[in-house]
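The values are calculated or read from the model by the stated rules, or taken from the named source; none is laboratory data. On a predicted model such as this, the values are computed, not experimentally measured, just so you know. All Cβ positions, even for glycine, are placed from backbone atoms using ideal geometry, and neighbour counts span all protein chains on display. Accessible surface is based on the protein model in full, side chains and every heavy atom, while ligands, DNA and RNA are left aside. Shrake-Rupley method; radii C 1.70, N 1.55, O 1.52, S 1.80 Å.
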Amino acid sequence: MAPPKGQKATGKRSEYQDKDKPSQIRFSNITAAKAVADAIRTSLGPRGMDKMIQAANGDVTITNDGATILKEMQVLHPAAKMLVEVSKAQDVEAGDGTTSVTVLAGSLLDSSSKLLSKGMHPTTISESFQKASLKAVEILETMVTPLELSDRESLLKSASTSLNSKVVSQNSNILSPIAVDAVLKVINPATADNVDLKDIKIVKKLGGTVEDTELIDGLVFNQKLSSSGGPSKIEKAKIGLIQFCVSAPKTDMENQVIVSDYTQMDRVLKEERNYILNIIKQVKKAGCTVLLIQKSILRDAVSDLALHFLAKMKIMVVKDIEREDIEFVCKTLGCRPIASLDHFIPENMGTADLVEEVAVGTDKIVKITGIANPGKTVTVLIRGSNKLVLEEADRSLHDALCVIRCLVKKKALIAGGGAPEIELSLRLMEFSNTLAGIEQYCFRAFAEALEVIPYTLAENAGLNPIATVTELRNRHAKGEITAGINVRKGAITNILEENVVQPLLVSTSAISLAAECTRCILKIDDMVNTTR
Ligand code: ADP
Ligand code: MG
């Protein structure tokens, strides 16, 4: 408001500005966050588009996964970063639904900005939204179909639903059974209530197509054998995993050994030879036929000389096993890592029927199968014709694995294709009639905001969003709880017949996280920059 003529613009005016500031900040935050949500809206659903992201170093990523898009995007505005965080949170909590949660948060922010401009207080809106989200979760829980983990069919359907929207969707007939079997193998279906995805090792190998992806009951190393001239296939193998080096010891960093004549030189070489031979003889004595060697940062984990001797003694060698893989390898083989030569005894080794080097594409990998005391682990070997597809196949499989994990955590399914959101919206509207005053208003805004999911699904599928959403609303009002958007036929049908089902946990967590994020942004009334 302009100050009246002649009045000094300082005193009163600055007060006015200050009063205005919180709401300006709030609106600017909302606008920034909504921009992020809008950017990934087009990726939602099976007909959603993919994004190509180029990093500063030239790396290109093609993805449909909300969390990945946001992670790679350079978001500067602090409030917009909250949306990045919310999709990350959904990724941790449920693994799937990362686009949905961001789109929902954007829509809730949109509704709240309308409520704010009507003059409602942010705290009131925030509190009502929290109540509404709790009520929404409560209602969703009444709409579920319970699930048994023995019901393979339903597990497969939910894995395919999550893969439907990915770049590799045409391969979902291969990837869904792999995801389901992998999870079922590492848990005890009768008692499990969580899955440790670390027990499922993903090995990516360029070459072939996604069709060639396979589930391997055993262990796969991404590298080829280290020894040349040694055996490339061993049956009834005894496998030892060592963490010490099979190479000549080095002096300390600041010391040097100076050799000044040939006899001394000979002695050094001889000592080195003896040192290495001594280790290898003990390895052989213990009956080991396959030696796995952890990567070392201090010196070569295994020297060329040692490789030569090992090959002569018909011991197969795989070197450069990463530190973080040790636990998985031990669990799989039922062996223990051996940190010093004294502990190289048969009890610490594992046994397997077959260890062999196999060619995949232009490269080679080492496969261990028929393990005697296998732990509950599996390995998935993902193949892809180029790096971009390979990486996206990995991310998509991760989503599918997470979907199955959600179902193990909470054994309940709901329909997909916008059906739960519309039903929820209707029931929340109904419920809001029992409320009074501002709360009712906020509940209605919340309910309306949920319609963004079917709206966007329809829009991305090339349907008329308004006509689709209104028809969907009508059919749900008539009691067709499972009517959803059938993107393939471009019509509204019973979505359960299309086998589009998803875990309850994905939807509940998306709604609660989106509501929480909205409340957070609403409650910010100032931004302070520090020079720290
Ligand atoms: P997110 O990253 O949130 O999982 P997606 O791109 O995977 O995003 O899209 C998920 C949405 O797509 C869900 O609402 C799901 O119900 C819907 N969906 C998946 N498959 C189908 C299908 N065949 N028909 C209709 N809707 C589908
Ligand atoms: Mg998904």
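Descriptive notes on the structure:
- Cα→Cβ-extended label distance, 7 Å offset, between Arg299 and Gln264, nm: 1.8 nm
- Counting only DSSP beta bridges with both residues in the stretch 271-423, the antiparallel share comes to about 65 percent.
- For the stretch 487-504, backbone phi angles converted through the Karplus equation (6.51, -1.76, 1.60; θ = phi - 60°) give residue-by-residue couplings of 5, 5, 8, x, 8, 9, 9, 5, 6, 5, 5, 7, 6, 9, 10, 9, x, 4 Hz, Gly and Pro being listed as x.
- Residue-normalised accessible area of the chain, expressed per residue, 1.4 Å probe, Å²: 49 Å²
- Qualifying trypsin sites (Lys or Arg not before Pro) in the stretch 464-520, where qualification requires a DSSP coil assignment and no more than 16 other C-beta atoms within 10 Å, comprise Lys478, Arg488, Lys489.
- Around the Cα centre of the chain, unit charges on the Cβ atoms of Lys, Arg, Asp and Glu (plus for the first two, minus for the last two) sum to a dipole of about 620 debye.
- Ordered by 1.4 Å accessible area with all protein chains kept, Asp217, Asp320, Asp65 run largest first as Asp217, Asp320, Asp65.
- Links that overshoot a 26 Å alpha carbon limit, given the list Lys367/Lys409; Lys198/Lys387; Lys114/Lys410: Lys367/Lys409; Lys114/Lys410
- The angle between the Cα long axis of helix 98-117 and the longest principal axis of the Cα atoms of the chain comes to about 30 degrees, rounded to the nearest 10.
- Low-density loop positions, GluC sites (Glu not before Pro), the stretch 242-328 - DSSP coil, at most 10 other Cβ in 10 Å: Glu254
- Cα shape, the chain, gyration tensor, a/c 1.5 rule: prolate
- Label-point gap, in nm, between Val92 and Arg323 - each point 7 angstrom along Cα→Cβ: 2.3 nm
- Against the chain, whose longest principal axis comes from its Cα atoms, helix 122-141 is set at around 60 degrees.
- When the listed pairs Lys135/Lys411; Lys51/Lys295; Lys204/Lys236; Lys236/Lys281; Lys81/Lys205; Lys205/Lys250 are checked against a 25 Å cut-off, the alpha-carbon distance exceeds it for Lys51/Lys295; Lys204/Lys236; Lys81/Lys205; Lys205/Lys250.
- Surface accessible to a 1.4 Å probe, Arg26 within the full protein complex, Å²: 30 Å²
- Working note: 222 nm ellipticity from helices only, DSSP H runs with n ≥ 4, each -39,500 (n - 2.57), summed and divided by the residues of the chain, gives -16000 deg cm²/dmol to the nearest 500.
- With each label modelled as a point 7 angstrom along the Cα→C-beta vector, the Asn386-Lys478 pair spans 4.8 nm.
- Rounded, prolate or oblate (a/c below 1.5 giving rounded, otherwise prolate when a/b exceeds b/c) for the stretch 289-364 by Cα gyration tensor: rounded
- Of the peptides 278-287, 368-377, the ranking by mean beta-carbon count within 10 Å, highest at the top, reads 368-377, 278-287.
- Residues in the stretch 238-254 reached by a label modelled at Leu277 [backbone nitrogen below 16 Å; 7 Å Cα→Cβ]: 247-248
- For the stretch 374-532, the extents of the C-alpha atoms along the principal axes are 61, 56, 34 Å, listed from largest to smallest.
- Sulfur and carbon atoms: percent of accessible area, the chain [1.4 Å]: 51 percent
- On the basis of the beta-carbon distance and an R0 of 41 Å, Glu254 and Ser232 show a calculated FRET efficiency of 0.45.
- In the assembled protein chains, Met313 presents an accessible area of approximately 50 Å² (probe radius 1.4 Å).
- On the beta carbon distance between Gln54 and Thr531, with R0 = 35 Å, the FRET formula returns roughly 0.65.
- Separation of the stretch 44-60 and the stretch 201-216, taken as the distance between their Cα centroids, equals 22 angstrom.
- One way to sum up the overall shape of the stretch 22-102 is the equivalent ellipsoid from its Cα gyration tensor, whose semi-axes run 22, 15, 12 Å, largest first.
- Hits among aspartates and glutamates - C-alpha to C-alpha of Lys376 under 18 Å, sequence gap 8 or more where chains match: Asp181, Asp193, Asp196, Asp199, Glu214, Asp217, Glu324, Asp325, Glu327, Asp353
- For the stretch 104-233: Kirkwood Rh in Å [reciprocal of mean 1/r, alpha carbons]: 19.8 Å
- Residue-level accessible surface for Thr142, protein heavy atoms, 1.4 Å, Å²: 100 Å²
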